[in-house]
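Working notes for the structure below.
The values are calculated or read from the model by the stated rules, or taken from the named source; none is laboratory data. Because the structure is predicted, anything quoted here is derived from the model rather than measured. In this analysis, Cβ positions are derived from the backbone assuming ideal geometry, glycine residues included, and neighbour counts consider all displayed protein chains.
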Amino acid sequence: MLRFQAGEESAFERLVEVYQAPVFSLLRRLLGPGAELEDLAQEVFLRLYRSRERYQPQGRLSTYLYRITYNLALNCLRDEHRRHPRGLPEGFAREPRDLADAGAHQVDAKSDVLIWAGRVESALASLPENQRLALVLQHYNGLDLEEIGAILGISAKAVKSLLHRARENLRPRLEPYHRREHES
């Protein structure tokens with residue numbers, strides 16, 4: 001980013017190459033699947049581009065970029081909530097579909113993983129935005145408590161509490177599936 005600030009345009013292209021997949025993944029996990037994700041990812045990088053002059057390297061660039069992504073996703077969720085006050089983000093099913101053939105007696109390992117991933121995605125979608133983001137940033141992006149706190153604008157201690165509440169909220173949503181799989 002500092003090279004980009006100094007006028008090296010190719011440095012911005014490199015930033016996009018490095019961070020495009022993580023930004024897209026974060027948006028998908030926060031907002032669910034949908035056609036507008038590519039547009040939102042482009043908007044994230046457009047905002048990064050526009051912030052060239054005022055960017056101050058106070059931490060990792062990824063933290064700064066994830067903060068832009070989070071703010072954009074939060075705005076999108078608020079807009080969606082205004083349009084559909086009680087629904088999950090578009091594209092999320094209330095109950096994940098069973099991907100196995102109806103006549104099959106055993107589901108292969110790949111289908112099991114896909115079914116479980118669908119359940120986790122649905123459970124994550126039911127969490128409040130800040131809890132969902134904290135979990136996604138920790139488990140999928142590998143950020144520590146301080147980095148997550150910088151993105152959310154809260155202390156590391158508050159992040160730890162937020163993560164605890166998120167896990168407590170997920171437990172009753174996922175426990176029946178987990179218990180059922182171990183009983184069979």
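The single condition among (1) modelled with pLDDT of 85 or more; (2) crowded, with 18+ Cβ neighbours inside 10 Å; (3) not acidic (Asp, Glu) that residue 32 does not satisfy is (1). Among the residues of segment 47-80, those that are without any contact (Cβ under 8 Å) to a residue 12 or more places away in the chain and loosely packed, with under 13 Cβ neighbours inside 10 Å comprise 50, 54, 56, 58, 75, 78, 79. The requirement of being part of a loop (DSSP other than H, G, I, E, B), modelled with pLDDT under 75 and out of contact with any Cys (no Cβ under 8 Å at 6 or more places or on another chain) is satisfied by residue 86. Determine, yes or no, whether residue 40 is more than 18 Å from residue 133 (Cβ to Cβ), of a type in the set (A, V, I, L, M, F, W, C) and part of a helix (DSSP H, G or I). It is false that residue 40 is more than 18 Å from residue 133 (Cβ to Cβ), of a type in the set (A, V, I, L, M, F, W, C) and part of a helix (DSSP H, G or I).
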